[in-house]
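Here's the structure we're looking at; comments come further down.
Please treat every number below as a calculation from the coordinates, not as lab data. Computed from a predicted model, the values in this text were never measured in an experiment. Don't worry about glycine lacking a Cβ; one is built from the backbone with ideal geometry, like all the others, and counts go over all protein chains shown.
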Amino acid sequence: MSRIIADLQASLRDSEAVAMLSGDGGDAILAVQHDQAVLLNRAAFGRHIENAGEENRQWFQLGPEEVFFLCHALKCITVQSENKKQMGEAELWDLFTSTSEPFPEMYEAYQHLRLKNWVVKSGLQYGADFVAYRHHPALVHSEFAVIVVPEGKAFGGRCGRLQVWSDLLCALRASGSVAKTLLVLTISTKGCDLTSSDCLCQLIVHERTITRWIPQQCRELRDNPSREEANWDVQIQKPCREEASREEQEDTGEGIVFSYWGVILSFTIISALAYKLKF
Amino acid sequence: MSRIIADLQASLRDSEAVAMLSGDGAILAVHDLAVLLNRAAFGRHIENAGEEKRQWFQLGPEEMFFLYHTLKCITVQSANKKQMGEAELWDLFTSTSEPFPEMYKAYQHLRLKNWVVKSGLQYGADFVAYRHHPALVHSEFAVIVVPEGEAFGGRCGRLQVWSDLLCALRASGSVAKTLLVLTISTKACDLTSSDCLCQLIVHERTITRWIPQQCRELRDNPSREEASTEKQEDTREGIVFSYWGVILSFTIISVLAYKLKF
């Protein structure tokens, strides 16, 4: 993955790619050539926008963290606003923090994981901030559901997440139901001015995975389905996600077909034998 | 349920039951009222060998304050046998657990509408609400309490981000419950006294996911997990029936074949 990102960085730098900001949410559109599109897909940046027509120019929609990562950390694209004005790093930072208040800690978490070669995508549909894949999303399922918890006065009222036991158990259950491990990234700072992107170096990231420990499960190797939680967790250990349950359904479906044919065949043979017996 | 609670209230008042504070909640000693307490689903029965007549129940903070403040049918003693008044109880509970005002308001709100309210900690919610006794039904709602207003300070930060809301939705959906969000708001209320309870306004909202395919088509479209589990049960029954049919048929065949040979 680091190699793919290094190739992408070199390629985008050579072609002097320009991303254009679009919409209110801080998203940007990047126009790239075909080979760069392949690299972008392999590095899992952004989302390819289908467009008929030009073969050589492909459009990718990038999220705010991805744009800032390509601009600030990899330094391989430049960003233009809607009225073709070049955006400097400070202006980009101001724009993103004004659009989305938790942008500093979200970006720090994104950068932290990306620089360790994890593929980071939006975790909104799984009830988390990000999901982290070990390889390309098409090859593996994501392993971690990432929740970003800021700490420190500089973050103001945003520190209220996961403070109550029920919130933590809720996140645990939600990530467990999609077979992911909960990863809590705690971003802390001593006294940092979040209005500038220079604060990124001063943010400290602590990573903690939180998993449930079931006494029966860890001692006994066999399934013990007597408790409700144990039953539920046992189902998690088996691949109980939607794809796996569909597989199980197919197996049972095949089992039914086989059994029904067996019954029909047997009854045919019985009636033939009975007929033979009568004569 | 309202009848059961009325009976419980009358019995506790007559027997002048006293709850003793211990730990987070309180312990209540009752003689013949254990059955009523179980039927109204208050507290947790503590097993004890020995005395048959005196049964002990452990009550949570909200349950105890409900019996004391709303139903007015028990009195509370602290660990050193001192009688506790309402203000002292309120101070004790708010100092132990900061979100006690809104949690108790939500508990009282649902209990007075005859829902059975239990702790929802194992389901990732604040409370779970049952329509009848927990032994008879599964809980229908996973309740999350969200305070609103300056009086609550920093506790208003829950469910403010989309990912938190979707997380709660997914967690409650995975245990087949509907997410119920109780928003407790107040204009300007002093939370240090239990008089503020009358001024707290409760808004109830259920949040569910809307799946376009599911709501249009009447037939089961097994693309979601719930529909697929139902289908799995049907198919499993079908398998059992079919396997017995195969076994039976083969038995008959072998008997007939045996008969034919002779």
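According to the Kirkwood relation over distinct C-alpha pairs, the hydrodynamic radius of the range A:101-223 is 15.6 Å. The lysines whose alpha-carbon is closer than 20 Å to the alpha-carbon of A:LYS116, local same-chain residues fewer than 8 away aside, are A:LYS75, A:LYS180.
Evaluate the charge dipole of the range B:34-136 about its Cα centre and quote only its size in Debye, nearest 20, assuming +1 on the Cβ of each Lys and Arg and -1 on the Cβ of each Asp and Glu. Write down the numbers at each step before the final one.
Values: 12 positive and 11 negative charges, 86 e Å.
In total the dipole reaches around 420 debye.
When B:ARG209, A:ARG158 are ordered from fewest to most other Cβ atoms inside 10 Å of their Cβ, what list results?
Details: B:ARG209 11, A:ARG158 18.
So the ranking, lowest neighbour count to highest, is B:ARG209, A:ARG158.
Whole-Hz Karplus values for the range B:78-92 come out as 7, 5, 9, 6, 8, 5, 9, x, 5, 5, 5, 4, 4, 4, 4 Hz, taken residue by residue from phi with 6.51 cos²θ - 1.76 cosθ + 1.60 and θ = phi - 60°; glycine and proline positions read x. Working from label points 7 Å from Cα in the Cα-to-Cβ sense, the A:GLN202 to A:ALA90 distance is 1.6 nm.
Taking every DSSP beta bridge that has both ends in chain B, the antiparallel portion is near 70%.
Below 8 Å between Cα atoms, with a sequence gap of 6+, how large is the relative contact order for the range B:1-129 in percent?
Values: 169 pairs, mean separation 29.2, N = 129.
For the range B:1-129, the relative contact order is 23 percent.
The mean number of Cβ atoms from other chains found within 10 Å of a Cβ in peptide A:117-129 is 3, as a whole number. Listed values for the range A:124-134 are Karplus-derived 3J(HN,Hα) couplings in whole Hz (6.51 cos²θ - 1.76 cosθ + 1.60, θ = phi - 60°), namely 4, 6, 9, x, 10, 7, 9, 10, 10, 10, 6, and x replaces Gly and Pro.
Exposure proxy check: A:THR189, B:THR178 ranked by fewest other beta carbons within 10 Å? List each step's numbers first, then the result.
Details: A:THR189 20, B:THR178 16.
Lowest count first: B:THR178, A:THR189.
With both residues required to sit in the range A:1-100, DSSP beta bridges show an antiparallel share near 80%.
In terms of overall dimensions, the range A:76-115 has a Cα radius of gyration and Dmax of 11.6, 33 angstrom.
Placing a label point 7 Å from the Cα of A:ILE49 along the Cα-to-Cβ direction, the residues of the range A:75-94 with a backbone N closer than 17 Å are A:78-85. For chain B, the residue among B:THR94, B:ALA257, B:LEU37 whose Cα projects farthest onto the positive side of the dipole built from Cβ charges is B:ALA257. Look at the stretch A:155-162: the mean tally of other chain Cβ atoms within 10 Å of its residues' Cβ atoms is 4.
Using the Cβ atoms and a cut-off under 14 Å, what net charge is assigned to the surroundings of B:PHE141, where Lys and Arg are +1 and Asp and Glu are -1?
On the way: positive: B:ARG111, B:LYS113, B:LYS118, B:ARG131, B:LYS177, B:ARG205; negative: B:ASP126, B:GLU140, B:GLU204.
Local charge sum for B:PHE141: +3.
Considering Cα pairs under 8 angstrom that are at least six residues apart, work out the relative contact order of chain B and quote it in whole percent. Don't skip to the end; give the middle numbers.
Details: 351 pairs, mean separation 31.7, N = 262.
Rounded, it is 12 percent for chain B.
For chain B, modelled as a GNM with alpha-carbon contacts under 10 angstrom, which of B:TYR104, B:TYR243, B:TYR130 fluctuates the most? Looking only at B:TYR104, B:TYR243, B:TYR130, the largest GNM fluctuation is found for B:TYR243. Loop-located trypsin sites (Lys or Arg not before Pro) in the range B:89-124 (DSSP state other than H, G, I, E, B) with a sparse environment of at most 12 neighbouring Cβ atoms within 10 Å: B:LYS113.
Note the full-extension length gain between A:LYS278 and A:GLN125 as 0.36 nm times their separation in residues minus their Cα-Cα distance, in nm to one decimal. Display every interim value, and only then the final one.
Numbers: separation 153, 0.36 × 153 = 55.08 nm, distance 6.72 nm.
So the chain would gain 48.4 nm between A:LYS278 and A:GLN125.
Over the C-alpha atoms of the protein assembly as shown, the Rg to Rh ratio, Rh being the Kirkwood estimate, stands at 1.09. Reducing the range B:136-165 and the range B:56-133 to their Cα centroids gives an inter-centroid distance of 18 Å.
When the helix-only estimate is applied to the protein assembly as shown (DSSP H runs of n ≥ 4, each -39,500 (n - 2.57), divided by the residue count), what is the mean residue ellipticity at 222 nm, nearest 500 deg cm²/dmol? Don't skip to the end; give the middle numbers.
Working: 17 runs with 221 residues, N = 541.
So the calculated ellipticity at 222 nm is -13000 deg cm²/dmol.
Contact order, relative form, for the range B:164-216: 38 percent (alpha carbon pairs under 8 Å, 6 or more residues apart, mean separation divided by residue count).
About its Cα centre, what dipole magnitude does the protein assembly as shown give when the only charges are +1 on Lys and Arg Cβ and -1 on Asp and Glu Cβ, stated in debye to the nearest 20? Working shown, then result.
Working: 56 positive and 68 negative charges, 347 e Å.
Here the size comes out at about 1660 debye.
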